[in-house]
Amino acid sequence: MICLGIESTAHTFGIGIVSDKGHILANVSSIYVPERGGIHPREAAQHHAAVAKKTLERALAKAKVRINEVNLVSFAAGPGLGPALRTGATAARAISSFFNIPLLAVNHCVSHVEIGRLATGAKDPVTLYVSGGNTQVIAFEAGRYRVFGETLDIPVGNCLDVFAREVGLPSPGGPQVERLARKGKHYIALPYVVKGMDLSFSGLMTEAVRKHRAGGDLYDLCHSLQETAFAALVEVTERAVAHTEKKEVMLTGGVAANKRLREMLRLMAGEHEARFFVPSMGLCQDNGPMIAWTGILAYKHGVRQRLEDTVVNQRWRVDEVNIPWR
Amino acid sequence: MSLMKKGAEANLYLEPFARALHRAGEGKLVVKHRISKRYRTPEIDEQLRESRTALEAKLFSDAKRASVPTPVIYEVDRVGMRLVMEFIEGKQVKLVLDKLSRNARRRLCELIGRQVARLHRAGIVHGDLTTSNMILTREGKVYFVDFGLGEYNPSLEARGVDLHLLKRALQSIHFRVTDEAYRAVLAGYQREFGRGAGEVIKRVEEIEHRGRYVAKEDRTWR
Ligand SMILES: Nc1ncnc2c1ncn2[C@@H]1O[C@H](COP(=O)(O)OP(=O)(O)O)[C@@H](O)[C@H]1O
Ligand SMILES: Nc1ncnc2c1ncn2[C@@H]1O[C@H](COP(=O)(O)OP(=O)(O)O)[C@@H](O)[C@H]1O
């Protein structure tokens, strides 16, 4: 069985082709880069529509698969930006109805965890999922993925990106902040906000920008911003580990590229005698294979949807999704 | 020392009074030692442990003054990052909530809601309202422990977040009884808080709609 999965929740338009043995035959994507400022949902959607056909052709060529060999089409129906989601949904529906292939709508966040499990061999991890659009601690409990912690305001990737933009660093900001942080020597105190299992980054971002305007050293500020934001992320992940007593920790999402964050999580996991996993970056960032693989899992476990059930849902939460395969 | 519990940020030891305080006394006490975390930079580590230890002690006694049962604090050691406190004998609400009869559960949740309201009226938010931080005693009192993330904050937002955290704990741990439990918490909260409770509850709903994917759309305009 071969599934073609379409990801288009935010910046990335991605197509993945995956077999039911878990072989990733193609992982092709095209990323929308805003000319200035943050993401513009409608522009992102236009980008995705413009590259859809090309991306599909590249994916099929890469996988050496003809479209009539595809047995299932899946797409990310949320959470994400409405216009971007609808572009992916339209593409998926078109392929499905034109070639008469079954269609499944899958959850973006669940897919991040599932592809991570496939890629790393982790069985039942506490997952820290951190990107420009999401910041969540997710773990499987009583039949569902549940959110054990999340941001109360902006996602951590967004915090790094906006800080970088405000201090004049190129986009995306995360890698820039990481690069400069290596040269930071002194820790400058910044607001550290953990509320129970939840996090908040907007005060941290504002204060870091303010300290820069007041003449604070940029290297030290990048270092301090990372140390503060990541310590909070790791603390909340640690709380979930202590609470669930799980023995695996997984990091995913675009911010997973960060070496310091990896190191901190690895240390924390070690203290709890838990193993630590990070998928390859191609599968941490938004990607098509994660959507395809989750489609396969759902389909093989009896999930079927009629066309009218495959609507997009901008705020689709992980704990609303049935997980018959676990 | 006998390790009673390894919490997320502290080790808790159960010790004879005399050993914990180096003076004569009966019974057992709890020593809460905030341990150093290697994953975070030493500046953050020290600052967090010290400020949380000191603040927690103060919040415990102010909560008690607001008629919310909390352990008596015997010693605050800001250098050793230790709190010495009364041992509360009872069961974690986390372990009993699902097993109670519907009526008993409703009464317990109402009491919890009332106590949260008392804290809020005293200008305190607990910061980590989960059912593992509530101890039900044989006499039916509910002790609140672990004020390590608490603060003095009378704002609507802080109160909303506090209640939201409790709701989240009910959702992730007590998913079978979430709705009825939360409804009872709110009923107790409203009764005790009086005027203004509605505003707090409305804020909880607002908070639920943020931090999801809404933030992503907001960032368009930054
Ligand atoms: N080395 C890094 N350190 C920190 N953040 C990073 C790093 N590399 C990428 N990021 C961040 O990851 C985010 C992109 O995440 P991604 O999962 O690709 O998609 P999206 O933001 O669309 O959800 C951006 O916020 C970016 O700054
Ligand atoms: N004084 C006490 N008496 C009895 N049990 C306690 C007492 N203090 C804490 N506990 C129990 O130990 C657990 C962990 O303590 P806590 O202060 O929450 O540490 P942490 O912040 O590390 O989780 C609590 O959830 C509670 O059930």
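Counted by Cβ distance under 15 Å from A:Thr120, the other residues give a net charge of +4, where Lys and Arg count +1 and Asp and Glu count -1. Is the shape of the range A:14-102 rounded, prolate or oblate, going by the alpha carbon gyration tensor and its root eigenvalues a ≥ b ≥ c, with a/c under 1.5 for rounded and a/b larger than b/c for prolate? Because a/c hits 1.5 or more and a/b exceeds b/c, the range A:14-102 counts as prolate.
What total accessible surface area, summed over both chains, is buried at the interface between chains A and B, computed with a 1.4 Å probe and given in Å² to the nearest 100? Intermediate results must be reported in sequence, preceding the final value.
Values: alone 14360 and 12420 Å², together 22710 Å².
By this definition, chains A and B bury close to 4100 Å².
When the trypsin sites (Lys or Arg not before Pro) in the range B:100-198 are filtered for DSSP coil states and for at most 14 other beta-carbon atoms within 10 Å of their beta-carbon, the remaining sites are B:Arg138, B:Lys141, B:Arg176, B:Arg195.
Working note: Karplus 6.51/-1.76/1.60 with θ = phi - 60° gives the range B:96-109 the couplings 10, 3, 5, 8, 5, 5, 3, 5, 5, 5, 4, 4, 4, 5 Hz, where Gly and Pro are set to x. By the helix-only formula, in which each DSSP H run with n ≥ 4 contributes -39500 (n - 2.57) and the sum is divided by residues, chain B has a 222 nm mean residue ellipticity of -15000 deg cm²/dmol.
The residues of the range B:2-86 expose on average 48 square angstrom of accessible surface per residue, using a 1.4 Å probe on protein heavy atoms.
Can you pull a Stokes-Einstein diffusion coefficient for the range A:205-256 at 10 °C (1.306 mPa s), Rh from Kirkwood over Cα pairs, as a whole number of µm²/s? The partial results should precede the final answer.
Working: Rh = 13.0 Å.
Translational diffusion coefficient: 122 µm²/s.
By DSSP, what percent of the beta bridges with both residues in the range A:124-282 are antiparallel, rounded to the nearest 5? Taking every DSSP beta bridge with both residues in the range A:124-282, the antiparallel ones total about 60 percent. Quick check: net charge around B:Pro69, other residues with Cβ under 11 Å of its Cβ, Lys/Arg +1 and Asp/Glu -1? Around B:Pro69, the charge tally is +1.
By how many nm would the segment from A:Asn68 to A:Thr206 grow when fully extended, if each residue of separation counts as 0.36 nm and the alpha-carbon distance is taken off?
Numbers: separation 138, 0.36 × 138 = 49.68 nm, distance 5.23 nm.
Extra length from A:Asn68 to A:Thr206 when fully extended: 44.5 nm.
For the residues A:Met197, A:Met1, A:Met290, a 1.4 Å probe over the protein chains yields an accessible-area ranking, largest first, of A:Met1, A:Met197, A:Met290.
Computed from backbone phi, the HN-Hα couplings of the range A:215-227 come to x, x, 5, 5, 4, 5, 5, 4, 4, 5, 4, 4, 4 Hz, rounded to whole numbers (Karplus: 6.51 cos²θ - 1.76 cosθ + 1.60, θ = phi - 60°; Gly and Pro given as x).
Compute the length gained on full extension between A:Trp325 and A:Arg213: take 0.36 nm times their separation in residues and subtract their Cα-Cα distance, giving the result in nm to one decimal. Intermediate values should be presented prior to the final figure.
Working: separation 112, 0.36 × 112 = 40.32 nm, distance 5.16 nm.
Value of the extension gain: 35.2 nm.
Projecting the Cα atoms of A:Val255, A:Leu218, A:Leu297 onto the dipole axis of the range A:209-326, where Lys and Arg carry +1 and Asp and Glu carry -1 at the beta carbon, places A:Leu297 farthest toward the positive end.
Here the convex hull built on the C-alpha positions of the range B:91-218 has a volume of 107 cubic angstrom per residue. Taking label points 7 Å from Cα along the Cα-to-Cβ direction, A:Arg93 and A:Asn313 give a separation of 1.7 nm.
Taking the Cα centre of chain A as the origin, how large is its charge dipole in debye, to the nearest 20, when only Lys and Arg (+1) and Asp and Glu (-1) carry charge on their Cβ atoms? Write down the numbers at each step before the final one.
Numbers: 38 positive and 31 negative charges, 153 e Å.
Here the size comes out at about 740 debye.
Note on A:Glu57: accessible area is roughly 90 Å² with a 1.4 Å probe, heavy atoms of protein only. Computed on the range A:124-282, the Cα convex hull volume stands at 105 Å³ per residue.
Can you list which of the trypsin sites (Lys or Arg not before Pro) found in the range A:65-161 are DSSP loop residues with at most 16 other C-beta atoms within 10 Å? Spell out each step's value before the answer.
Details: sites: A:Arg66, A:Arg86, A:Arg93, A:Arg117, A:Lys123, A:Arg144, A:Arg146; in loops: A:Arg66, A:Lys123.
In loop regions of the range A:65-161 (DSSP not H, G, I, E or B), the sparsely surrounded trypsin sites (Lys or Arg not before Pro) are A:Arg66, A:Lys123.
Give me the mean projected area, in nm² to one decimal, of the convex hull enclosing the Cα positions of chain B.
Numbers: hull surface 57.5 nm².
The number I arrive at for chain B is 14.4 nm².
When all alpha carbon pairs of the protein assembly as shown are counted in 10 Å bins from zero, the resulting P(r) reads 4, 18, 26, 25, 17, 8, 2, 0, 0 %.
May I ask for the equivalent-ellipsoid semi-axes of the range A:246-326, computed as the square root of five times each C-alpha gyration tensor eigenvalue and listed largest first in whole Å? It would help to have the intermediate numbers written out before the result.
Details: eigenvalues 186, 48, 28 Å².
Equivalent ellipsoid of the range A:246-326: 30, 15, 12 Å, largest first.
Globularity index of the range B:2-86 is 1.13 (Cα radius of gyration / 2.2 N^0.38 Å, N = number of residues). Taking the three principal axes of the alpha carbon atoms in chain A, the coordinate ranges are 61, 45, 31 Å, sorted in descending order. Could you tell me what percent of the DSSP beta bridges with both partners in the protein assembly as shown are antiparallel, to the nearest 5? For the protein assembly as shown, the DSSP antiparallel bridge percentage is about 75. Using +1 at the C-beta of Lys and Arg and -1 at the C-beta of Asp and Glu, which of B:Leu59, B:Pro69, B:Gly7 has the Cα lying farthest in the positive direction of the dipole of the range B:2-86? So the residue we want is B:Gly7. Among the GluC sites (Glu not before Pro) found in the range A:243-294, those both in a DSSP coil and sparsely packed, with 12 or fewer other Cβ atoms within 10 Å of their Cβ, are A:Glu245, A:Glu273.
Modelled label positions at A:His23 and B:Val72, each set 7 Å beyond Cα in the direction of Cβ, lie 7.2 nm from each other. Averaging the Cα positions of each part gives two centres, and for the range A:241-298 and the range B:57-86 these lie 38 Å apart. Each of the GluC sites (Glu not before Pro) that DSSP puts in a loop and that has at most 11 other Cβ atoms within 10 Å breaks chain B; the longest unbroken stretch is B:140-222. Taking label points 7 Å from Cα along the Cα-to-Cβ direction, A:Lys183 and B:Lys99 give a separation of 6.1 nm.
The values are calculated or read from the model by the stated rules, or taken from the named source; none is laboratory data. In this text the structure is predicted, and so the values were computed from the model without any measurement. Every residue, glycine as well, gets a Cβ built from its backbone with ideal geometry; the counts of neighbours run over all protein chains shown. Just the protein is used for accessible areas: all its heavy atoms, side chains included, with ligands, DNA and RNA removed. Shrake-Rupley method; radii C 1.70, N 1.55, O 1.52, S 1.80 Å.
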